[in-house]
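Accompanying notes for the structure given below.
The values are calculated or read from the model by the stated rules, or taken from the named source; none is laboratory data. Just so it is clear, the model here is predicted, and its values are computed rather than measured. Note that each Cβ is placed from the backbone with ideal geometry, even for glycine, and that neighbours are counted across all protein chains shown.
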Amino acid sequence: MTALRTTIDAIKEHPLRLLLWMLLVVFAVQPAIESYPVVLAIDCLFSLILLGVLRRLVQSVPVFWGSVALLALALAARLADHYDDTTWLTHTADIVSVAFTLLVMLLLLNYVVRAPRVTQNTLLAAICVYILVGVLFGFIFLLVYRAQPHAFNLDPTLGSPETQLRYFSMITLTTVGYGDIMPKTSEARALAALEALIAQLYLAAIIARLVGIEVAHAARPDDPPTRA
């Protein structure tokens, strides 16, 4: 109980910092884990951190509880899909995951662009949005793959389609382009190009916005810092 209480307190105090670390774990560590109970534990911890982020960012009570319901639905659908991989349940899990990821992205982006000054939390939120773009397109690519299995040249020996397409999404996001996974259909290619374009535009726009916030703050240095 003490460890759980300590974890909850840490989530309440530093949700954005923990969100960034958790996103890195999802990309770097989770693909190497074969035990589903461990993966489930990571998903549950991730969900707790997301709840902490929502608690800080959402001011409206109905919106907060709607977001919590969407998170619970996403987690339940992914859990059910693991034990019963019927088509409709699989698509439901993917669609709800897309919707919730997009919601968190928009909340974080709204927090960044409306911040009166640049703080550590502002920078953490901006970085999390960038990584979440990769997560979002990973789920979108997965939806395309479910509908068109020939849309990507995946290797079954290298992990699940979700893991491989999340990797492909991050490689596309950063415009590295190793070429080991390639989009094969016009829809998949269009989405890959869109992700790369969004990534470049986001970096340019967010840097300009952060600089603008700091310049504006320099003219009124007595403004209190924001928290998240």
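Pairs, please: C-beta under 6 Å, at least 6 apart or cross-chain, first residue under 21 Å from Leu106 (Cα atoms) and in the stretch 36-58, second in a loop (DSSP other than H, G, I, E, B)?
Arg56/Ala228
Being in a helix (DSSP H, G or I), touching a strand residue (DSSP E or B) at 6+ places or on another chain (Cβ under 9 Å) and crowded, with 21+ Cβ neighbours inside 10 Å is the filter here, so list the residues in the stretch 152-170 that pass it.
Selection gives Gln164, Leu165, Phe168.
Restrict the check to the stretch 84-106 and report whether at least one residue is touching a residue at least 12 places away in the same chain (Cβ under 8 Å), more than 30 Å from Arg189 (Cβ to Cβ) and not hydrophobic (A, V, I, L, M, F, W, C).
no
How many of the residues making up the stretch 28-37 are in contact with a helix residue (DSSP H, G or I) (Cβ under 7 Å, 6 or more places away or on another chain), assigned to a helix (DSSP H, G or I) and more than 15 Å from Ile49 (Cβ to Cβ)? Quick ask: steps written out before the conclusion?
Of the residues in the stretch 28-37, the ones in contact with a helix residue (DSSP H, G or I) (Cβ under 7 Å, 6 or more places away or on another chain) are 30-31, 33, 36.
Still in the list and also assigned to a helix (DSSP H, G or I): 30-31, 36.
Pick out the ones that are also more than 15 Å from Ile49 (Cβ to Cβ) and you get 31, 36.
Number satisfying all stated conditions: 2.
Which residue, of Ile206, Ile198, is part of a helix (DSSP H, G or I), more than 21 Å from Ala99 (Cβ to Cβ) and aliphatic (A, V, I, L, M)?
Ile206
For residues that are free of Cβ contacts under 8 Å to residues at least 24 places away in the same chain and on the phi > 0 side of the Ramachandran plot, tally how many sit in the stretch 140-194.
The total comes to 2.
For every residue, the table says whether it meets (1) assigned to a helix (DSSP H, G or I); (2) among the hydrophobic types (A, V, I, L, M, F, W, C); (3) modelled with pLDDT of 80 or more; (4) touching a Ser or Thr at 6+ places or on another chain (Cβ under 9 Å).
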site: Leu4; (1), (2), (3), (4): yes, yes, no, no
site: Leu24; (1), (2), (3), (4): yes, yes, yes, no
site: Ile42; (1), (2), (3), (4): yes, yes, yes, no
site: Leu54; (1), (2), (3), (4): yes, yes, yes, yes
site: Phe64; (1), (2), (3), (4): yes, yes, yes, no
site: Leu70; (1), (2), (3), (4): yes, yes, yes, no
site: Ala99; (1), (2), (3), (4): yes, yes, yes, no
site: Leu107; (1), (2), (3), (4): yes, yes, yes, yes
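Can you spot a residue in the stretch 176-185 that is in a helix (DSSP H, G or I) and either in contact with a helix residue (DSSP H, G or I) (Cβ under 6 Å, 6 or more places away or on another chain) or at pLDDT 95 or above (or both)?
no
This table checks each residue for (1) closer than 24 Å to Leu194 by Cα; (2) surrounded by fewer than 19 Cβ atoms within 10 Å (Cβ to Cβ); (3) not charged (D, E, K, R).
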position	(1), (2), (3)
Gln30	no, yes, yes
Cys44	no, yes, yes
Gly52	no, no, yes
Trp65	no, yes, yes
Trp88	no, yes, yes
Val104	yes, no, yes
Asn110	yes, yes, yes
Arg117	no, yes, no
Leu136	yes, no, yes
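When the residues of the stretch 72-86 are filtered to those that are modelled with pLDDT of 80 or more and small (Gly, Ala, Ser), which remaining residue is surrounded by the most Cβ atoms within 10 Å (Cβ to Cβ)?
Within the stretch 72-86, the first condition is being modelled with pLDDT of 80 or more, and the residues that meet it are 72-76.
Next, from what is left, pick out any that are small (Gly, Ala, Ser): 72, 74, 76.
On the way: Ala72: 14, Ala74: 24, Ala76: 13.
Across the stretch 72-86, the extreme among qualifying residues is Ala74.
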